[in-house]
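See structure below.
We did not get these values from a lab; they are worked out from the coordinates using the rules stated. Being a predicted model, the structure only gives us computed values, none of them experimental. For neighbour counting, all protein chains shown are included, and Cβ atoms are generated from backbone atoms with ideal geometry for every residue, glycine included.
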There are 2 protein chains.
Amino acid sequence: MAVPGRRNLRLCFVSVLICFWMAAALLSAAEKPDPLPSWNDGPVKSSIVEFVQRVVSVGTPSFVPEDQRIAVFDNDGTLWSEQPNYVEWLFITDRIKALAQGRPEWKTQQPFKAVLENDWKAFHDSGQEGMQKIYIATHSGMTTAEFETSVLEWLAKEKHPRFNRPYTDLVYQPMLDLLAYFRRNGFKTFIVSGGSIDFMRPWTQRVYGVPPEQVIGTSQQMRYELRNGKPVLVLLPQPQLICEDDGKAVGIQTRIGRRPIAAFGNADSDLKMLEWTAAGDDVRFLLLVHHTDAEREWAYDRNSGIGRLDKAIDEALKRGWTLVDMKRDWKRIYPFEKTN
Amino acid sequence: MAVPGRRNLRLCFVSVLICFWMAAALLSAAEKPDPLPSWNDGPVKSSIVEFVQRVVSVGTPSFVPEDQRIAVFDNDGTLWSEQPNYVEWLFITDRIKALAQGRPEWKTQQPFKAVLENDWKAFHDSGQEGMQKIYIATHSGMTTAEFETSVLEWLAKEKHPRFNRPYTDLVYQPMLDLLAYFRRNGFKTFIVSGGSIDFMRPWTQRVYGVPPEQVIGTSQQMRYELRNGKPVLVLLPQPQLICEDDGKAVGIQTRIGRRPIAAFGNADSDLKMLEWTAAGDDVRFLLLVHHTDAEREWAYDRNSGIGRLDKAIDEALKRGWTLVDMKRDWKRIYPFEKTN
């Protein structure tokens, strides 16, 4: 091998320098793109970016070590659409119809009769108790594996009545941006939802990038059983945690065990979660999504049966929490929308 | 500044090359050290290393993607000593003595009287019911924050009767090696213990590197309450999850939501956790710690009231699970021991 001349060595050295410079330039360019491209510029977007920047600024009083960067997100109405009804509720009513073949007595028994006949007035009259009966009938008596299969099969074939797309397409692109932005900045993102863990976990990793162990929700007690020598867990009618209102704070405490520094919701049922998060010391971020866009999504708040936002909006206004005006602040709603 | 001559440039280039070579050499040397330095060489140590190597080998049938590398660990007797009694039980009896000042009726009421008088025979006679009364008296009625403070204060001042050291010094160095080795290889390590989450979480991060959200244990129902305008969670007498036996599988399912690929225990109360883990497809690793070293730690198994290992050892022998013989397999027991 020929010994390289001095000129070659110099060229080589200069090339290495150029490579370093290009890599540095690329890296700095890579940092520049808009971290929240589906959000319109304005005070709401700024408040999000400013919070994240404060938390990650090493050596400042607002710096938060990475292992304490916990952010919690409600699901229905915060990460995906909850109209014309909670997706899990639509799944539940379909399950009642499927299970009814083996339960002829349901034809005459409320609230089952109401569900089978799509008589929503009669169902509504059966109140909280009726809803609980339906929930228990569809969320117990089978193994966790059987339940998971039924969820995946239903999601694979059913479409949203308005958009004619799989329900999991009806997630909010701005919130996907936000989840990714938070994770890039060292946050652990958790879902804390009134929905059941067994309904959410089969798809949250694929759709939101949130693994099952970071999904907190309503859960049932279970019985351990051997079937053909293999252990199974059978879902029981008794709840282990009802992850609504107060239950969201309880869920956070029992499943995470430390206070989040950011919480995202859209309804009165998220208020306790936001209060619990806000009660920590130091820097905190609280955000409510206000559904104001009847054209691209839905518009509802104080008088809605689903996702009622009444007390929580007053609290947000009083305490200066960030309030997303969906129509004003979101450039896109769903990932499938064409961008300009 | 003088323009450097060609000789300087060449020197500079050679220095850069030498730096690269040294860095590469250091990196490759860093990979070589024993991953489990506190384990004696032999089939047990080999089985651990072999499992990890199989799981991380990209492109082989035994490869497991990183997000599915879940390992679960019992705490008492698996990660730290549980003799002469479970540490939490020692904490509980001290709490009873401290709380007794405000509960004069305990002086004559069983099982409290027995605890106050260190009458372990009478306490034992009060059975499961007596134990539950003591547990409830010490694990409910206060806020989660108050409970945490009481745990940290107790651990800071109490010492283990045999070793005269803080209880959190009595952790097993070989298991600390193993936890770190698994995490370096992309595993998420969870504790799944019969102990209460509120007792463990204040110190598991510092001692084991396991964050609170990866600690699963017995937990109470809670009540959300405002005190001086600040939300608190008050621990209630009703359990949410009793994380023993079957409850360990239930805890894994409700808190993690996917099946672990490795499980570590030491007692019959861990058997269901190992069975549940073993029932998954593909590669699995199951390990039991057998306490065989009366000199350096304790020796107990089939007839022990604490950490009884009877059915589980038979199952381990039958199914070829890894069985640690503490005396034979562990070079050191505790981090504070002098090494040769």
- Taking the label point 7 Å from Cα along the Cα-Cβ vector, the copy-to-copy distances for B:Val58, listed from shortest in nm with one decimal, are 2.8
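Per residue, how much space in cubic angstrom lies within the convex hull of the C-alpha atoms of the range B:203-340? Provide the component values of the computation, followed by the final result.
Details: hull volume 23.3 nm³, N = 138.
So the per-residue Cα hull volume is 169 Å³.
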- Message: Spelling out what I want: for every residue of the range A:120-135, take phi, set θ = phi - 60°, compute 6.51 cos²θ - 1.76 cosθ + 1.60 (Karplus), and round to whole Hz; glycine and proline get x.
- Response: 6, 5, 4, 5, 4, 5, 6, x, 4, 5, x, 4, 5, 4, 5, 4
- For the range B:264-287 versus the range A:81-157, the gap between their alpha-carbon centres in whole angstrom: 35
- Note on the structure: Nearest 10, in degrees from 0 to 90: the angle of helix A:197-208 to the longest Cα principal axis of chain A is 30
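What is the sum of charges, Lys and Arg at +1 and Asp and Glu at -1, for the other residues whose Cβ falls under 10 Å from the Cβ of A:Thr189? Don't skip to the end; give the middle numbers.
Numbers: positive: A:Arg69, A:Arg183, A:Lys188; negative: none.
Cβ neighbours under 10 Å give a net charge of +3.
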- List, in the order given, every pair from A:Lys230/B:Lys311; A:Lys230/B:Lys327; A:Lys45/A:Lys188; B:Lys97/B:Lys121; A:Lys107/A:Lys157 whose Cα-Cα distance in the structure shown is over 23 Å. A:Lys230/B:Lys327; A:Lys107/A:Lys157
- Task: Please work out the C-alpha center-to-center distance from the range A:237-258 to the range A:214-228 and express it in whole Å.
- Result: 15
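Just check chain A against the gyration tensor rule for me: Cα atoms, a ≥ b ≥ c as the square roots of the eigenvalues, rounded for a/c under 1.5, and otherwise prolate or oblate depending on whether a/b exceeds b/c.
prolate
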- Query: Given springs between every Cα pair under 10 Å in a Gaussian network model of chain B, which of B:Ala267, B:Ala71, B:Ala156 has the largest fluctuation?
  - Reply: B:Ala156
- Message: Using a 7 Å offset from Cα along the direction of the beta-carbon, what are the separations from A:Asn164 to the same position in each other copy, nm, ascending?
- Response: 8.2
- Note on the structure: Shortest first and in nm, the label-point separations between B:Gly42 and its counterparts in the other identical copies (7 Å out along Cα→Cβ) come to 6.9
- Query: Relative contact order, percent, of chain B when contacts are C-alpha pairs under 8 Å separated by at least 6 residues?
  - Reply: 21
- Query: If R0 is 45 Å, what FRET efficiency do you get for B:Gln128 and B:Glu295 from their C-beta distance, rounded to 0.05?
  - Reply: 0.85
- Query: So how do B:Glu82, A:Glu148 line up by other beta-carbon neighbours within 10 Å, fewest first?
  - Reply: A:Glu148, B:Glu82
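Apply the a/c threshold of 1.5 to the C-alpha gyration tensor of the range A:121-240 and tell me whether it is rounded, prolate or oblate. Don't skip to the end; give the middle numbers.
Values: a/c = 1.78, a/b = 1.29, b/c = 1.38.
Oblate, since a/c reaches 1.5 and b/c is not below a/b.
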- Neighbours of B:Tyr208 by Cβ distance under 14 Å: Lys/Arg at +1, Asp/Glu at -1, summed charge -2
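If you take the square roots of the eigenvalues of the alpha-carbon gyration tensor of the protein assembly as shown and sort them as a ≥ b ≥ c, do you get rounded (a/c under 1.5), prolate (a/b over b/c) or oblate? Before the final figure, lay out the partial values.
Numbers: a/c = 1.59, a/b = 1.03, b/c = 1.56.
Oblate.
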- Task: Starting at the first residue of the range A:232-248, write each ³J(HN,Hα) from the Karplus equation 6.51 cos²θ - 1.76 cosθ + 1.60 with θ = phi - 60°, in whole Hz, x for Gly and Pro.
- Result: 10, 10, 9, 6, 9, x, 6, x, 9, 8, 9, 8, 10, 6, 3, x, 6
- Message: Give me the three principal axis extents of the range A:141-180 from the C-alpha atoms, as integers in angstrom, largest value leading.
- Response: 38, 26, 13
